[in-house]
């Protein structure tokens, strides 16, 4: 299987250019809440081959608000790649997906393997995947398509990009530990941005995220921004520096290849 393109059909000659051939694309990051009562973090970048600019972010509550946020910021028909931190393909009713187990083979030593996912546990992510399809997204990573939404998981990406021996523990109590690890996350991300993402235009909102003290809202928004960077990485380099774990039938996720820093 071609990690850059997947195994989609060739587009028709009359189709709009896909993401691969587009010189401009929207890069969307979504830190999706699995339940109904917590907000989603969202972040949007506008990418060109020469750089990328921040186009907004924040928190939204519920399916309708999430879809409205995307529709209100991404013009119909524009090329867009969405990186979603949640299972978008999960046909198994119980247990774990093959890709969940595969992440433990690759990243278990760093404690960065996925939690088991099944249709019973991730009803909302699968519902959101259906809503994204209704907006013209395909679920996958094929850059020949115009709109794609792919599952990502920040922890393995952090292991790769930051060169970690263990994941950052900013999601676990006690609060003092979360604050310390969140600050480390921000410092490592700032260093990565200067080395791997120098084309990112400065923006006050990004600076605020990079300097915020830990809180759950700050965490969700920074994770969404991190997902958007994964989307830009995949689109900018035409998938050549992305590892695909799993498949579109049983579940997959995208992991950036290790930085050559």
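The values are calculated or read from the model by the stated rules, or taken from the named source; none is laboratory data. Note that the coordinates shown come from a computational prediction; the quantities given were computed from them, not determined experimentally. When we count neighbours, we look across all protein chains shown, and the Cβ atoms used for this are built from the backbone with ideal geometry, even at glycine.
Here is how the numbers come out for the structure above:
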read-out: Test: residue 181 is assigned to a helix (DSSP H, G or I), surrounded by 15 or more Cβ atoms within 10 Å (Cβ to Cβ), out of contact with any strand residue (DSSP E or B) (no Cβ under 7 Å at 6 or more places or on another chain) and touching a residue at least 12 places away in the same chain (Cβ under 8 Å); value: yes
read-out: Residue within the stretch 64-81 that is part of a strand (DSSP E or B) and free of Cβ contacts under 8 Å to residues at least 24 places away in the same chain present; value: no
read-out: Sole residue being part of a helix (DSSP H, G or I) and without any contact (Cβ under 8 Å) to a residue 24 or more places away in the chain, chosen from 133, 124; value: 133
read-out: Candidates 26, 34, filtered to the one that is within 16 Å of the chain's Cα centre (by Cα), assigned to a strand (DSSP E or B) and in contact (Cβ under 8 Å) with a residue 12 or more places away in the chain; value: 26
read-out: Subset of the stretch 146-177 that is modelled with pLDDT under 95 and outside any loop (DSSP other than H, G, I, E, B) - its residue that is surrounded by the most Cβ atoms within 10 Å (Cβ to Cβ); value: 177
read-out: Leading residue by the ranking (farthest from residue 57 (Cα to Cα)) among those in the stretch 213-256 that are in a loop (DSSP other than H, G, I, E, B), in contact with a helix residue (DSSP H, G or I) (Cβ under 7 Å, 6 or more places away or on another chain) and in contact (Cβ under 8 Å) with a residue 24 or more places away in the chain; value: 250
